[in-house]
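Asks: Below you will find the structure I want to go over with you.
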Amino acid sequence: MLRTCSRRVISRLFSISQSAALAEETPPHVPVMVDLVAEHLQLSEGKTIVDMTFGAGGHTKKMFEVCPEVKVIALDRDPVAFEYAQNLAADHPLNLTPLLGKFSELPILLNGLDISPGSLDGMLLDLGCSSMQMNHGHRGFSISREGPLDMRMDSSPKNPDPTVAEVLAHIEEDELAKTLKIYGEERQAKKIARAVVEARYAGIYMRTTKELSELVAEVCGIDHRQDKLQRHAHSATKVFQALRILVNNELNEINYAMLLASRYLKKGGRLLVLTFHSLEDKIVKRHLFGHVSGFAANVEAPKYSLDMQEPNTCWHQLHKHVIIPSDDEVYENPRSRSAKLRVAEKVK
Ligand SMILES: C[S@@+](CC[C@H](N)C(=O)[O-])C[C@H]1O[C@@H](n2cnc3c(N)ncnc32)[C@H](O)[C@@H]1O
């Protein structure tokens, strides 16, 4: 379902000044549908919630505002987010437990906390990247800010996963075209893949965000792409999305997270998922409607494998339609424009 925005929001967005855009950086990340999320988690003393995507902690902070006695386990694979979580834990030493790792590493981390399957009251997945990742050039996610082509959510030196620059230096042309087509839904996937490989033949390797975005712009020519708010979208937007999904193994991680929700939530436990594009939402829907099979995408299985046979979970979706942000929220926080919230309760 495409979100259609009112003319009012579109025209107000056009008038956002640069200073307003910069002001958006002041809170490191603005949480999406934060009140609704806290409300639907039905927080109360004695409950334990896992915030699977802590980021800058906007949702977790709201949970403590609503119910200071709730216990929150905060996971994130990004060491920067983990540091934020540790700082917040200093204010809530008995109630907040920060964990550094990926969804696929959660079983081991929960084991260390003596949390067993079927014992959690709520889980929140706020998918995608944080503004801290997107807005800082040195992380390599941003088309408009120059930086090294990294795009790993964990860019610490100890992470052995390849950066986008490393992938582009070695990937086969067909494989790259497939990645851009499937993960970016990029119409010019073949042409762009060809250009990357031809550049390599000439000894030119994509090392920075600027080099890649310029190459894509050259291949795509003058391109009048627009986003869902009818704002100009850079021709490399989809290419960046595809490569980010690839290097972070995002779709398999989401598939895995959904399996974890069915395993670790208790009966009656709530799962809240915020998705930002159709590939994410498709995986979530498949689980909630019971069409679960193996892994999500044509990338390798997670390192810590979960027994795929176990969950025979039934979900009750609390709303017939996905929840989308209000026009006012989209105006205040344009990043929320493509958000969809699904709320489900574990029935069995
Ligand atoms: C949209 S942000 C979350 C923002 C957060 N809700 C807030 O209010 O600040 C998504 C976060 O999820 C993390 N993340 C994404 N995929 C992950 C995964 N597979 N395992 C752990 N963390 C992940 C990212 O590093 C990022 O910090």
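Every number here is computed from the coordinates shown, using simple stated rules; none is lab data. This one's a predicted model, so the numbers in the text were calculated from it and none came from an experiment. Neighbour counts are summed over all protein chains in view; Cβ atoms, including those assigned to glycine, are modelled from backbone coordinates with ideal geometry.
Asks: Need the C-alpha centroid separation for the range 182-225 versus the range 53-115, integer Å.
Replies: Using only Cα atoms to place each centre, the spacing works out to 38 Å.
Asks: Let me ask something else about it. Provide, for q = 0.25 Å⁻¹, the log10 of I(q)/I(0) from a solvent-free Debye sum over equal Cα point scatterers in the range 72-146.
Replies: Each listed q maps to, in turn, -1.25.
Asks: Pick out, in residue order, every one of the chymotrypsin sites (Phe, Trp or Tyr not before Pro) in the range 45-135 that is DSSP loop and has at most 11 other C-beta atoms within 10 Å; say none if there are none.
Replies: For chymotrypsin sites (Phe, Trp or Tyr not before Pro) across the range 45-135 that sit outside H, G, I, E and B with at most 11 neighbouring Cβ atoms in 10 Å, the list is empty.
Asks: Using only Cα atoms, what Kirkwood radius does the range 162-247 have, in angstroms?
Replies: Here the Kirkwood hydrodynamic radius works out to 12.9 Å.
Asks: Express the relative contact order of the range 162-247 as a whole percentage, based on alpha carbon pairs under 8 Å and six or more residues apart in sequence.
Replies: 39 percent
Asks: For each pair in 61/320; 62/266; 71/348; 102/320; 210/340, compute the distance between the two Cα atoms and list the pairs where it is over 26 Å.
Replies: 61/320; 102/320; 210/340
Asks: Ok, one more. Using only the C-alpha atoms of the range 98-231, find the volume of their convex hull and express it per residue in Å³.
Replies: So the per-residue Cα hull volume is 163 Å³.
Asks: Viscosity 0.692 mPa s, temperature 37 °C: give me the Stokes-Einstein translational D for the range 29-176 in µm²/s, with Rh taken as the Kirkwood radius over C-alpha pairs.
Replies: 198 µm²/s
Asks: Identify the GluC sites (Glu not before Pro) of the range 123-225 meeting these criteria: DSSP loop state and at most 15 other C-beta atoms within 10 Å of the C-beta.
Replies: Those satisfying the criteria are 146, 172, 185.
Asks: Would you mind ranking 65, 105, 250 so that the residue whose beta carbon has the fewest other beta carbons within 10 Å leads the list?
Replies: Least to most surrounded, the residues fall as 65, 105, 250.
Asks: Return the FRET efficiency for the residue pair residue 312, residue 202: r is the Cβ-Cβ distance, R0 is 45 Å, and the value is rounded to the nearest 0.05.
Replies: Approximately 0.25, to the nearest 0.05.
Asks: Give, to the nearest whole percent, the P(r) tail of the range 132-188 beyond 14 angstrom, counting all Cα pairs.
Replies: Percentage above 14 Å: 62.
Asks: Among 327, 35, 121, rank each residue by its count of other Cβ atoms within 10 Å, from fewest to most, as a rough exposure measure.
Replies: 35, 327, 121
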